[in-house]
């Protein structure tokens, strides 16, 4: 019997099943412990420290009464603390749902209710202060929530402090912050949940799907260990994860995170990153090109959001001083990279995408248009409704 496309995608995705954010970070910490994994405007973290802080935070979450398999809703921006919190949640065996920061209490409660969250966490400031009532009001409206926490930098009365400083104090007091080298792996890596920005509905992603998507992106953008990634996207979406933390960990590149956008701070980060792969929303591409920001880059990755229910409308044609890759975020189910030809965009996955992995040739994404979904796609790098 010939496998059907959905079955083929599932079987090929399973080739990545032993890989997760947790295993990637543990491996990187053993191979290059002092290498810089993540930077933002105020923090620089080595692979060893990233792994250690994630272990400490995972233990702290467990000590707060959370159980493996339960779901945490975390909001955040383009900051190191958010990446550490994501890895910690996965390392603790929790499923992590990621939401943007621009939600009011009612919207945040809707997101939490949709996934049955038992805990809610987010920063106390991101550029501007985040009102504490945002978290407490949302938690009060969702009976399943037992824990409200903050990622810092400030503390909030009544919320558990999960800031970097608090985690380091906890680790120093209660256990060795080093990597748990003999930690038993869970039966299956916990899943990551993001939200479709249009429908607000949750999308549940296997880590293997995100791995496949990131490997496909790395191949399209030609990302290597020696060239850093500078991302302005918070890792709270499929594209933000694939082109940010996952691409960096899979390639060995340092990830620079920059946000919220502020011109002088961004230009400083751009200079620090140097010959980097810059990940930005497609809407700023023309302005950035005119300002000379793309000069000297390894590539400019332009992220566009496309609903699968509408025909492809290409982004603006653009001549730039570096290669341009369009990263099409289709319905929060895929992030498909396409290299522009002479500055002209091409549709997502019009030609099938393949990556080589463990002597196998894996179909990561191909277009499968239908009348009601002209931009539908399938493959090992695409999340399907379950």
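What follows draws every value from the coordinates through simple rules; no lab data is involved. These numbers come from a predicted model, not from an experiment. Neighbour counts are summed over all protein chains in view; Cβ atoms, including those assigned to glycine, are modelled from backbone coordinates with ideal geometry.
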Is the range 224-318 rounded, prolate or oblate when judged by the Cα gyration tensor, a ≥ b ≥ c being the square roots of its eigenvalues, rounded requiring a/c under 1.5 and prolate requiring a/b larger than b/c? oblate
No solvent, one uniform scatterer per C-alpha: report log10 I(q)/I(0) for the range 306-386 via the Debye equation at q = 0.12 1/Å, two decimals. -0.37
Which shape class, rounded, prolate or oblate, goes with the range 199-269 when its Cα gyration tensor gives a ≥ b ≥ c as root eigenvalues, a/c under 1.5 marks rounded, and past that a/b bigger than b/c marks prolate? oblate
For the chain, what proportion of DSSP beta bridges, expressed in % and rounded to the nearest 5, is antiparallel? 40 percent
Mind giving me the FRET efficiency for residue 133 and residue 321? R0 is 56 Å, r the Cβ-Cβ distance, nearest 0.05 is fine. 0.75
Calculate, axis by axis, the spread of Cα positions in the range 47-174 along the three principal axes, and write the results as whole Å, longest axis first. 38, 32, 24
Sites residue 350 and residue 309 - FRET efficiency at Förster radius 25 Å, r taken between beta-carbons, to 0.05: 0.90
Cβ neighbours within 10 Å, averaged per peptide: list 328-338, 300-310 in order, most packed at the top. 328-338, 300-310
Helix-only mean residue ellipticity at 222 nm for the chain, each DSSP H run of n ≥ 4 adding -39500 (n - 2.57), per residue, nearest 500: -9000 deg cm²/dmol
For the chain, modelled as a GNM with alpha-carbon contacts under 10 angstrom, which of 123, 189, 315 fluctuates the most? 315
Between 77, 52, 127, which gets the highest mean-square fluctuation from a Gaussian network model of the chain, Cα cutoff 10 Å? 127
For the range 207-378, just the Cα set please: Rg and Dmax, both in angstrom. 15.3, 47
Compute the angle between helix 80-91 and the longest alpha-carbon principal axis of the chain, please, reported from 0 to 90 degrees and rounded to the nearest 10. 80 degrees
Taking a quarter of the surface of the Cα convex hull of the chain, what do you get in nm²? 19.0 nm²
So residue 201 and residue 290, fully extended at 0.36 nm per residue minus their Cα-Cα distance, gain in nm 28.3 nm
Which FRET efficiency, nearest 0.05, do residue 168 and residue 267 yield, Cβ-Cβ r, R0 25 Å? 0.20
